[in-house]
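The values are calculated or read from the model by the stated rules, or taken from the named source; none is laboratory data. Everything numeric here is computed off the predicted structure, so don't read it as measured data. Cβ coordinates were reconstructed from backbone atoms using ideal geometry, including for glycine residues, and neighbour counts include every protein chain displayed.
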Ligand SMILES: COc1ccc(C(=O)NC2CCC2)cc1-c1cc(C(C)=O)n2cccnc12
């Protein structure tokens with residue numbers, strides 16, 4: 001809105017600037033760092049209609065496309081569920097997706113978010 005000072009980065013957006021790197025760090029093999037290519041994942045674009053990855057989320061965050069924290073959480077969960085849809089349970093991708101989902105769910109709980117808000121630089 002017009003009366004928001006230009007520097008205003010709504011507290012929840014600053015929270016996302018803080019949370020995104022925390023989640024990326026847990027993806028140690030960078031399996032979720034960039035869009036999955038059909039070259040390495042045959043038929044991926046036919047099976048997964050809404051691909052998502054950390055680089056896309058970072059770009060959306062920078063472009064101010066996340067109106068609230070829930071939209072960010074939805075993309076994070078989409079990224080994980082895509083991997084659990086395309087890959088079978090015995091794969092490293094499925095297992096990493098499951099782990100990230102658990103970490104994300106824990107991070108996004110209010111009792112974790114509220115104390116973070118006070119720690120923001
Ligand atoms: C950005 O995506 C990737 C980047 C790098 C790698 C990779 O280093 N794979 C090597 C570990 C065994 C081959 C895998 C992926 C990858 C992610 C995924 C996901 C997230 O489904 N994937 C699925 C099938 C085949 N490859 C992948």
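Below is a table of values for the structure above.
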{"quantity": "Any hit, segment 37-44, residues being part of a helix (DSSP H, G or I) and within 15 Å of the ligand (Cβ to nearest atom)", "calculated": "yes"}
{"quantity": "Candidate set: segment 72-102, residues that are in contact (Cβ under 8 Å) with a residue 60 or more places away in the chain and surrounded by fewer than 17 Cβ atoms within 10 Å (Cβ to Cβ); chosen: the one farthest from residue 36 (Cα to Cα)", "calculated": "99"}
{"quantity": "Breaking point among (1) under 16 Å from residue 19 (Cα atoms); (2) at pLDDT 95 or above, for residue 85", "calculated": "(1)"}
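Per-residue answers, yes or no, for (1) without any contact (Cβ under 8 Å) to a residue 60 or more places away in the chain; (2) in a loop (DSSP other than H, G, I, E, B); (3) surrounded by fewer than 16 Cβ atoms within 10 Å (Cβ to Cβ); (4) more than 16 Å from the ligand (Cβ to nearest atom):
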{"site": "24", "(1), (2), (3), (4)": "yes, no, no, no"}
{"site": "31", "(1), (2), (3), (4)": "no, yes, no, no"}
{"site": "50", "(1), (2), (3), (4)": "yes, yes, yes, no"}
{"site": "55", "(1), (2), (3), (4)": "yes, no, yes, no"}
{"site": "59", "(1), (2), (3), (4)": "yes, no, yes, no"}
{"site": "64", "(1), (2), (3), (4)": "yes, yes, yes, yes"}
